[in-house]
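Q: Input: one structure, supplied below.
The values are calculated or read from the model by the stated rules, or taken from the named source; none is laboratory data. Since we're looking at a predicted model, the values are computed, not measured. Keep in mind that these areas ignore ligands, DNA and RNA; they rest on the heavy atoms of the full protein, side chains included. Shrake-Rupley method; radii C 1.70, N 1.55, O 1.52, S 1.80 Å.
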Amino acid sequence: MKNIRDMSYLELDEFLNQDIYLSENQLTQIRKHKNVDGIRFWGRSKNSISEYTVEINKDNGNGYSSVDIFVKEE
């Protein structure tokens, strides 16, 4: 798998749209990605899974997509 920081906005969008649980380390990498405009926390479930929405921008700064992700506590 390619490093998150090296992904284009299209690859990042495709990766985040997979039906997987991400780690807290991956969430940190996503926050630092050059095409991520913001991350919004929605809540945490009883089984230690947090839900976030990630806003992805194109390289020119225009909005591209919003993706809901799930992060499992390590």
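Q: Probe radius 1.4 Å, ligands and nucleic acids ignored: give me the carbon and sulfur share of the accessible area of the chain as a rounded percent.
A: 42 percent
Q: Please work out the Cα convex hull volume for the chain and give it in Å³ per residue.
A: Taking only Cα atoms, the chain has a hull volume of 79 Å³ per residue.
Q: Run the count for the range 8-74, please: Lys pairs, Cα-Cα under 22 angstrom, 8 or more apart or on different chains.
A: Within the range 8-74, the lysine pair count is 4.
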